[in-house]
There are 2 protein chains.
Amino acid sequence: MQRSVWGWGYEGVEVPQLEKTRQMLETIFPKPTFRLPKPNVELWKSSLRKPRFPEPKIGTCEVSHDPKERMMHSFGKSFRDIARGVLGQYGNVVDYVAFPTSEVQVQEVLEWGEKMAQDGTPVDLIPFGGGSSVVGGVEPLIDSKRVVSIDLSRMDKIISVNLTDMTAQLQTGIFGPALLRGLTEYDKITLRHLPQSLSFSTLGGWLATRSGGHYASNKTYIDDFVVNMTIVTSKGIVKTSNLPASGAGPVADKIWLGSEGTLGIITECTVRVQKEPTFKCSSIVTFDSWDNGVNATRLISQSGLYPTQCRLMQGMEAIGYGLIQDFVEACLVLGFESATIDGLEERFMQPCLDICLENQGTILKTPKKDESATDTFRNSFITAPYLRDHLIMDGYIMETFETACSWSNFPKLDEAVRAAVASLGKPVMLTVRFTHVYPDGPAPYYTLTTQASSPTSLVSDWDALKQVVSDALIANGGTITHHHAVGKDHAQWFVKEKDPIWIAMLVNLKGFLDPQGMLNRGTLLPSKLLKDFKSISSKI
Amino acid sequence: MQRSVWGWGYEGVEVPQLEKTRQMLETIFPKPTFRLPKPNVELWKSSLRKPRFPEPKIGTCEVSHDPKERMMHSFGKSFRDIARGVLGQYGNVVDYVAFPTSEVQVQEVLEWGEKMAQDGTPVDLIPFGGGSSVVGGVEPLIDSKRVVSIDLSRMDKIISVNLTDMTAQLQTGIFGPALLRGLTEYDKITLRHLPQSLSFSTLGGWLATRSGGHYASNKTYIDDFVVNMTIVTSKGIVKTSNLPASGAGPVADKIWLGSEGTLGIITECTVRVQKEPTFKCSSIVTFDSWDNGVNATRLISQSGLYPTQCRLMQGMEAIGYGLIQDFVEACLVLGFESATIDGLEERFMQPCLDICLENQGTILKTPKKDESATDTFRNSFITAPYLRDHLIMDGYIMETFETACSWSNFPKLDEAVRAAVASLGKPVMLTVRFTHVYPDGPAPYYTLTTQASSPTSLVSDWDALKQVVSDALIANGGTITHHHAVGKDHAQWFVKEKDPIWIAMLVNLKGFLDPQGMLNRGTLLPSKLLKDFKSISSKI
């Protein structure tokens, strides 16, 4: 199958829930007033802006000027990216795509970039994994003059596996499916990290953005699975400690996690692997009161039981995901799994269900030795981005906002999000679920659907929605992102969320590691801050 | 009770196991040839070096020149510290001790330090929690000209507790016992972080050194309990995010953890608390082969069961701790506890015991609804430092080395440690236990006992031991410290263990946050590196 140039995933994928969703939306919104035609990719390819500088010779590294490659490397897969793809707004494409196959070639690209800057012709270099960013993480800034995307997908080997330590040494350009397949074939082991983007994202992307994974509690962040990393920087190649733990100095030799390609390029990583689970069990509990559902979820998250699934959602979402038929206020999907321990129903699930019963829950699906409830959820979840691609053409804007806050702050934050959405003064369908739970707070995940007034306002209407909700999150003690990264889209809120001294420390580290400021400029740290760096650094 | 000036803990504490230990040691070592007299603290106080500069006026902050305070703030509690205390080697004492009671006063101390540097009379400022450092973390460098110790123990309040989020906001100068007592009295909650130093160390010390805690698996590091922190730096007051989790940028706004007072002073922290456990269960398993014990421990650590205790030790140690009577090759203490879930024996312990049985273990103590096995261990463990104080006077050198390595690397590392000890060419009693276990590796903890040839060689013999073992750890892929910090004693190995670019990044951050280099100079980063900073920073 061919990857779609403008949309999510592969071309021509069927979305079974499409018609049902359209009908449901028409019960809420006015009938769409327009439908956009299928994107004319061939036309846009033929009229694409030519590269703005001669094709560079970068050591032995392959460099491409192919229009399709350049288009595919210029956008991620956010709503805005898909909308612009549908509308053919490929005005600001990258000039070239480099395909390094080794650390040496990655170094050659960085050295070439340094030389270009020294020659007075600075370039922007944008590391690219699977390109599934939904926050403008792989897109050039509008003021960029020369841009090369660095596609890491040819560095995709499983280098070694150690079944005693249960670790695997990997090149980071490997895509999710190849990684899973390779580990399964090796000896029925798994990374047990399944982001929604799994099929179209790479290990390197997960590391660079601190991907949150699919599981609800305890070890779920990609951070939790990292033993060590190799990072190519302008200062040289860094190798972090290869240790299960160390109390020697700050833990931040993992500062590369979440650095979003702004400090260096992560080329290799040793991860913790696990035996594939053989024992599974799942259950569904409903609540007549949302607050009771929240309380039960909180108490489970504070119990030390660590369910693999603990996903509380509003009834509307649960129906949409095919988990329940009839409306309830709250629906909690619970799951446990293990590679070694049988009897999960009695050992782990029963104490969770007891907590639910104490909070007026109704056990809709008694615990079964399977994961049918969690599977049902996951299957719908995985095809959701395809659904969005189709509905954009009908003028629907669908966006998700993820955050995290303390349990006691959640009601206030939730109210603020709802008020912000109401302030838009137009119909918006808004639902929430908790994707992850921590003892001190949940990670609420909001799904919003609304309609654009015209094809040309798709992006500006989305911008307005993004602005009011993000402002509300930051003003009410949420994080601007929980596992979707910051990119260029969230940079303005990132610097508001974090302490200014911490931001200055990051600017400082970037100035040290990337003195030319060429690595993914404008991502994480607004580009204006980096311009100020020279005046900051001269004072230290 | 009075705190001992030179020794561990309180003056005059009885050590029940002292005579038995002496007798045991005399079966291994020649009878001691000398016994040092009880330290003459009054004499040393009266002959102490006078402060080297006039008593400073630092805002409203109390400053003391009291000789006893100055002595107590000049050493930690390492073997070398105790030995020097016994021998009266108080040559390099701090000049003053400041006792701030608020963030404002901490700021005043830093501002005063900045001014002193600007006036050409630079000072060294050493943050001081409980002073239980065993790595030279609170001691002035020998080339210091003016030193003020900053004692944080008057900032010791429990500010607030939130029972919904299960968090507590604390001032960091609070000592372990006051913290535990305060939380218990509040509502039977606990931090569940019990370092060996608990009675004589503060929350701030645990944070600054990344204390490892007492529990064996999953959440045990102080890091795991931190929600947010307030840090006073020369650049201003920093507040880290008050969130259960955030994927926005690198996680390193916790870079303050493990910074050992070199970047700023941690004054406040919100921690995750838990209900005090009401259900407990413990068990002891013995193995006729050390390797079988290691295998069983490894498989338990990879099972996802997360025992609170999972402490494998050599038979000699287990006898010493009163856990077993007869020698075996390996002894494994297992424990589980919970505040909410009953039936731990069947739910959690049994699968662990099954793993032990599959690895030829013998269940010595069947699981009981108590924690007698883990209590027995802990009680001996807590009094061990007092024992050391007495035996030093008989010329015994007792030292512990903690490290962490991968499971597959452990045999090589262990062999290297044994070879290093043998290279000293004198009788050394050497035992090992695992204090913590991770899926990818254990944290081996070596206890060594040997004899000094004369009173004057106590410190130099200890130095030689420290050198060969630490060199062996670093050369064989271990970490120089797991939860004992780096201090000044380990700085030479710290820079060998970590990647040079990471070290340069830390130097860079220190240069930014502490441009005068006055905060705990020589701790973590060798002072020579900091001298080089100006030349490094001028290049960035």
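The values are calculated or read from the model by the stated rules, or taken from the named source; none is laboratory data. Owing to the predicted nature of the structure, the values given are computational and were not obtained by experimental measurement. Positions of Cβ are backbone-derived with ideal geometry, glycine not excepted, and every protein chain shown enters the neighbour counts.
Among the numbered conditions (1) away from chain A (no Cβ under 11 Å); (2) surrounded by 24 or more Cβ atoms within 10 Å (Cβ to Cβ); (3) modelled with pLDDT of 95 or more, the only one that B:Ser201 does not meet is (2). Residue count for segment B:221-239 under the criterion of being surrounded by fewer than 24 Cβ atoms within 10 Å (Cβ to Cβ) and either assigned to a loop (DSSP other than H, G, I, E, B) or in contact with a Phe, Trp or Tyr (Cβ under 6 Å, 6 or more places away or on another chain) (or both): the result is 3. In the set A:Ala168, A:Ala178, only one residue is farther than 24 Å from A:Tyr306 by Cβ and among the hydrophobic types (A, V, I, L, M, F, W, C); that residue is A:Ala178.
Screening A:Ala472, A:Ala464, A:Ala419 for residues that are among the small types (Gly, Ala, Ser), crowded, with 20+ Cβ neighbours inside 10 Å, in a helix (DSSP H, G or I) and more than 18 Å from the chain's Cα centre (by Cα) leaves exactly one candidate, A:Ala472.
If the condition is being closer than 24 Å to A:Val15 by Cβ and at pLDDT 95 or above, then segment A:316-332 contributes only A:Cys331. Do we find that B:Leu180 is part of a helix (DSSP H, G or I) and surrounded by fewer than 23 Cβ atoms within 10 Å (Cβ to Cβ) in this structure? Spelling it out, B:Leu180 is indeed part of a helix (DSSP H, G or I) and surrounded by fewer than 23 Cβ atoms within 10 Å (Cβ to Cβ).
Scanning segment A:316-346 for residues that are small (Gly, Ala, Ser) and outside any strand (DSSP E or B) yields A:Ala318, A:Gly320, A:Gly322, A:Ala339, A:Gly343. Check B:Thr456 against each of (1) at pLDDT below 95; (2) part of a loop (DSSP other than H, G, I, E, B); (3) over 19 Å from the mean Cα position of the chain (by Cα) and name the one condition it does not meet. Of everything listed in (1) at pLDDT below 95; (2) part of a loop (DSSP other than H, G, I, E, B); (3) over 19 Å from the mean Cα position of the chain (by Cα), B:Thr456 misses just condition (2).
Results for (1) more than 14 Å from chain A (Cβ to nearest Cβ); (2) in contact with a Pro (Cβ under 8 Å, 6 or more places away or on another chain); (3) surrounded by fewer than 17 Cβ atoms within 10 Å (Cβ to Cβ), shown as yes or no for each residue.
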residue	(1), (2), (3)
B:Asp326	yes, no, yes
B:Ala330	yes, no, no
B:Ile341	no, yes, no
B:Arg347	no, no, no
B:Leu353	no, yes, no
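The residues of segment A:401-416 that are away from every other protein chain (no Cβ under 14 Å) and surrounded by 16 or more Cβ atoms within 10 Å (Cβ to Cβ), listed by number, are A:Asp414, A:Ala416. Taken as a whole, the structure places B:Met349 among residues that are assigned to a helix (DSSP H, G or I), more than 30 Å from B:Lys31 (Cβ to Cβ) and either among the charged types (D, E, K, R) or more than 22 Å from the chain's Cα centre (by Cα) (or both). Here the condition is being more than 27 Å from the chain's Cα centre (by Cα) and of a type in the set (D, E, K, R); of A:Lys77, A:Lys38, A:Lys31, A:Lys68, it holds for A:Lys31 alone.
The residue of segment A:240-278 that is farthest from A:Leu519 (Cα to Cα), among those that are in a loop (DSSP other than H, G, I, E, B) and among the charged types (D, E, K, R), is A:Glu276. Among the residues here, A:Gly113 qualifies as within 22 Å of A:Val232 (Cβ to Cβ), touching a strand residue (DSSP E or B) at 6+ places or on another chain (Cβ under 6 Å) and not acidic (Asp, Glu).
I'm trying to understand the selection: among the residues of segment A:296-350, which are more than 30 Å from A:Gln23 (Cβ to Cβ) and among the aromatic types (Phe, Trp, Tyr)? If the condition is that a residue be more than 30 Å from A:Gln23 (Cβ to Cβ) and among the aromatic types (Phe, Trp, Tyr), then A:Tyr306, A:Phe336, A:Phe348 are the ones that fit. Screening segment A:477-521 for residues that are of a type in the set (D, E, K, R) and touching a residue at least 24 places away in the same chain (Cβ under 8 Å) and picking the one that is farthest from the other protein chains (Cβ to nearest Cβ) gives A:Arg521.
Right, B:Ile159: away from chain A (no Cβ under 14 Å), surrounded by fewer than 24 Cβ atoms within 10 Å (Cβ to Cβ) and in a strand (DSSP E or B) or not? The answer is yes for B:Ile159.
Can you give me the number of residues within segment A:277-301 that are touching an Asp or Glu at 6+ places or on another chain (Cβ under 6 Å), of a type in the set (S, T, N, Q) and under 11 Å from A:Leu334 (Cα atoms)? Residues in segment A:277-301 being touching an Asp or Glu at 6+ places or on another chain (Cβ under 6 Å), of a type in the set (S, T, N, Q) and under 11 Å from A:Leu334 (Cα atoms): 1 in total.
Scanning segment B:183-198 for residues that are touching a Leu at 6+ places or on another chain (Cβ under 7 Å), surrounded by fewer than 22 Cβ atoms within 10 Å (Cβ to Cβ) and among the hydrophobic types (A, V, I, L, M, F, W, C) yields B:Ile189, B:Leu191. The residue that is nearest to the other protein chains (Cβ to nearest Cβ), counting only those in segment B:422-438 that are buried (at least 21 other Cβ atoms within 10 Å of the Cβ) and among the hydroxyl-bearing types (Ser, Thr, Tyr), is B:Tyr438. Per the listing A:Leu305, A:Leu299, the residue uniquely more than 25 Å from the chain's Cα centre (by Cα) and either among the acidic types (Asp, Glu) or assigned to a loop (DSSP other than H, G, I, E, B) (or both) is A:Leu305.
When B:Thr447, B:Thr366, B:Thr383 are checked against the criterion of being away from chain A (no Cβ under 14 Å), outside any strand (DSSP E or B) and either touching a helix residue (DSSP H, G or I) at 6+ places or on another chain (Cβ under 7 Å) or of a type in the set (S, T, N, Q) (or both), B:Thr383 stands alone in meeting it. Residues of segment A:277-300 that are within 14 Å of chain B (Cβ to nearest Cβ) and modelled with pLDDT of 95 or more: A:Asp291, A:Val294, A:Asn295, A:Ala296, A:Thr297, A:Arg298, A:Leu299, A:Ile300. When the residues of segment A:246-269 are filtered to those that are on the phi > 0 side of the Ramachandran plot and at the interface with chain B (Cβ under 7 Å from one of its Cβ atoms), the one that is nearest to the chain's Cα centre (by Cα) is A:Gly258. The sole residue among B:Val469, B:Val428 that is free of Cβ contacts under 8 Å to residues at least 60 places away in the same chain, within 27 Å of B:Tyr321 (Cβ to Cβ) and not charged (D, E, K, R) is B:Val428.
Yes/no per residue for (1) at pLDDT 95 or above; (2) surrounded by fewer than 18 Cβ atoms within 10 Å (Cβ to Cβ); (3) of a type in the set (S, T, N, Q); (4) within 26 Å of A:His484 (Cβ to Cβ):
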{"position": "A:Lys50", "(1), (2), (3), (4)": "yes, yes, no, no"}
{"position": "A:Ser64", "(1), (2), (3), (4)": "yes, yes, yes, no"}
{"position": "A:Met72", "(1), (2), (3), (4)": "yes, no, no, yes"}
{"position": "A:Phe75", "(1), (2), (3), (4)": "yes, no, no, yes"}
{"position": "A:Val93", "(1), (2), (3), (4)": "yes, no, no, yes"}
{"position": "A:Gln105", "(1), (2), (3), (4)": "yes, no, yes, no"}
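For A:Thr374, the conditions (1) under 24 Å from A:Lys275 (Cβ atoms); (2) at pLDDT 90 or above; (3) not charged (D, E, K, R) all hold with the exception of (2).
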